[in-house]
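The values are calculated or read from the model by the stated rules, or taken from the named source; none is laboratory data. Note that the structure is a prediction, hence the values are computed from the model and not measured. Glycine gets a Cβ as well: all are built from the backbone with ideal geometry, and neighbour counts include every protein chain shown.
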């Protein structure tokens, strides 16, 4: 390459960089475009003990792998060692006993290890609700699936915001 072409090539490269930096609306640097809108919604909540149970944890509700699928992950600590606890996502706030969100058979059991920690994942065959307000859905952890009044921990789900 001749030394006389270098300034011309350098100028063309500079123009190309300027053109890319000032691209049309919708570019990554454009503050009027919300790129996070393409991310699937996520709801989460903090689970706290009821009646001094000492159980606490977290819940995360997301869009599943398939269309019209919801995944809910619950993680708790402070459960009695080696205990088996039922859990469900219910409609309404923790202060109310709402209906089960999705089929009750889709929810597994939280089986606490010796250290009192347990996790469970439910895959529900329905789409997540459209932007639920805090308190419209909650996770209830029960001492027994047979007794819906045996709630030992609860956490309301809210849409995660940035």
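Would you mention how many residues in region 60-79 are modelled with pLDDT of 95 or more and either closer than 22 Å to residue 146 by Cβ or in a loop (DSSP other than H, G, I, E, B) (or both)?
Adding up the residues that qualify gives 5.
Return yes or no: is residue 152 within 21 Å of residue 40 (Cα to Cα) and not in a loop (DSSP other than H, G, I, E, B)?
When the stated conditions are applied, residue 152 does not pass them.
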